[in-house]
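Shown next, in structure tokens, is the structure this report addresses.
Every read-out reported here was derived from the displayed coordinates using simple, explicitly stated rules and does not represent laboratory data. All figures in this text were calculated on a predicted structure; none of them were measured in a lab. Positions of Cβ are backbone-derived with ideal geometry, glycine not excepted, and every protein chain shown enters the neighbour counts.
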Amino acid sequence: MLHASRYIMALTFTFLLASPILAQDCQASYLASKGVTIEITEYDANDAQKSKKVYSVTDVQSSGQDVTSKVRSVTEQGGIVTEDKVFSYRCNQAGVEWGLGTEDPKTKKEIFVAYPANMSAGMELKPDINYELSQKTPDGKDAKLIAKINKRKVAGTEKVQVKAGTWECTKITYDFLLKIKVGILTLPINAKVIEWYNPQVGIVRSETWVKGKKENHTEISMVQK
């Protein structure tokens, strides 16, 4: 059996979260400090805990205000590590780019999702993002994930309180299209995703909705500096 929410979570977790500003303060980002860890907890539709993901900053390179970091991402579910990878984080005055930890098959370069520094309500965020991943199903079968993120749009700003603290966030919505292929079986999923993003810590909270029902949500549960 395929657990669609697990794959949606694995992908939406990757995007790391402010009221609109004119320039990005990269040195204020938690991802600009080696050794910082950010824990994110996933909950199912009934608000029961499903998994935890921990981001650990393993390397930081700075040039003036610009910052480039390497971040290890480890996901654990039921006491078992289901994903362990490294992605890149880049920050300059124009904004932030979060790597997906996977390469574009054409360019062989890491795919990034951009969060401009001067976001405001109504702004459309480009470009659209297309990528593929290979993962294991819960019963150990090989699965191919084909994903597309489009119609990213800024909905406004909100103050968001979670277990780890309270942050001023930019609310972003987008369409998430996913095909999961296992053998000859293909499972298509159309989801709506809402993110509450703050440039200091990443995605403070996210919600994934499928057919008008909330499939899961994530929250930052701990920050250790």
- request: Quick one: count up the residues across the stretch 71-91 that are in contact with a Gly (Cβ under 9 Å, 6 or more places away or on another chain) and within 29 Å of Ser120 (Cα to Cα).
  value: 5
- prompt: Is it the case that some residue within the stretch 145-158 is of a type outside the set (Asp, Glu), within 22 Å of Gly99 (Cβ to Cβ) and touching a His at 6+ places or on another chain (Cβ under 9 Å)?
  reply: no
task: Go through the stretch 144-169 residue by residue and tally those that are of a type in the set (D, E, K, R) and in contact with a helix residue (DSSP H, G or I) (Cβ under 6 Å, 6 or more places away or on another chain).
output: 0
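Look through the stretch 151-191, keep the residues that are polar (S, T, N, Q) and closer than 21 Å to Lys213 by Cβ, and return whichever of them is surrounded by the most Cβ atoms within 10 Å (Cβ to Cβ).
Thr173
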All positions within the stretch 49-63 that are farther than 18 Å from Val204 by Cβ, surrounded by fewer than 16 Cβ atoms within 10 Å (Cβ to Cβ) and out of contact with any Cys (no Cβ under 9 Å at 6 or more places or on another chain): Thr58, Asp59, Gln61, Ser63
- prompt: Do we have any residue at all in the stretch 123-142 that's touching a Phe, Trp or Tyr at 6+ places or on another chain (Cβ under 8 Å) and among the small types (Gly, Ala, Ser)?
  reply: no
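Name the residues in the stretch 113-129 that are part of a strand (DSSP E or B) and exposed (fewer than 15 other Cβ atoms within 10 Å of the Cβ), would you? Write out each step before concluding.
Our first condition is that a residue be part of a strand (DSSP E or B); within the stretch 113-129, this holds for 113-116, 124-125, 129.
Hit for the stretch 113-129 is Glu124, nothing else.
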message: Condition first: among the hydrophobic types (A, V, I, L, M, F, W, C), crowded, with 17+ Cβ neighbours inside 10 Å and not in a loop (DSSP other than H, G, I, E, B). Now tell me which residues in the stretch 28-43 satisfy that.
response: Leu31, Ala32, Ile38, Ile40
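Can you give me the number of residues within the stretch 161-203 that are in a strand (DSSP E or B), over 28 Å from Lys144 (Cα atoms) and either touching a Gly at 6+ places or on another chain (Cβ under 8 Å) or among the β-branched types (Val, Ile, Thr) (or both)?
Narrowing the stretch 161-203 to residues in a strand (DSSP E or B): 161-162, 165-182, 185-198, 202-203.
Within this subset, residues satisfying the condition of being over 28 Å from Lys144 (Cα atoms) are 161-162, 165-171, 196-198.
Subset that is either touching a Gly at 6+ places or on another chain (Cβ under 8 Å) or among the β-branched types (Val, Ile, Thr) (or both): 162, 166, 170-171.
Selection size over the stretch 161-203: 4.
Tell me which residues, restricted to the stretch 131-143, are part of a strand (DSSP E or B) and either hydroxyl-bearing (Ser, Thr, Tyr) or surrounded by fewer than 14 Cβ atoms within 10 Å (Cβ to Cβ) (or both). Break it down stepwise before answering.
From the stretch 131-143, those part of a strand (DSSP E or B) are 131-136, 142-143; that's our starting set.
Across the stretch 131-143, the qualifying residues are Tyr131, Ser134, Lys136, Asp142.
For the stretch 152-199, which positions are acidic (Asp, Glu) and within 18 Å of the chain's Cα centre (by Cα)?
Glu168, Asp175, Glu195
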task: Answer yes or no: is there a residue in the stretch 142-160 that is closer than 18 Å to Ile38 by Cα and of a type in the set (A, V, I, L, M, F, W, C).
output: yes
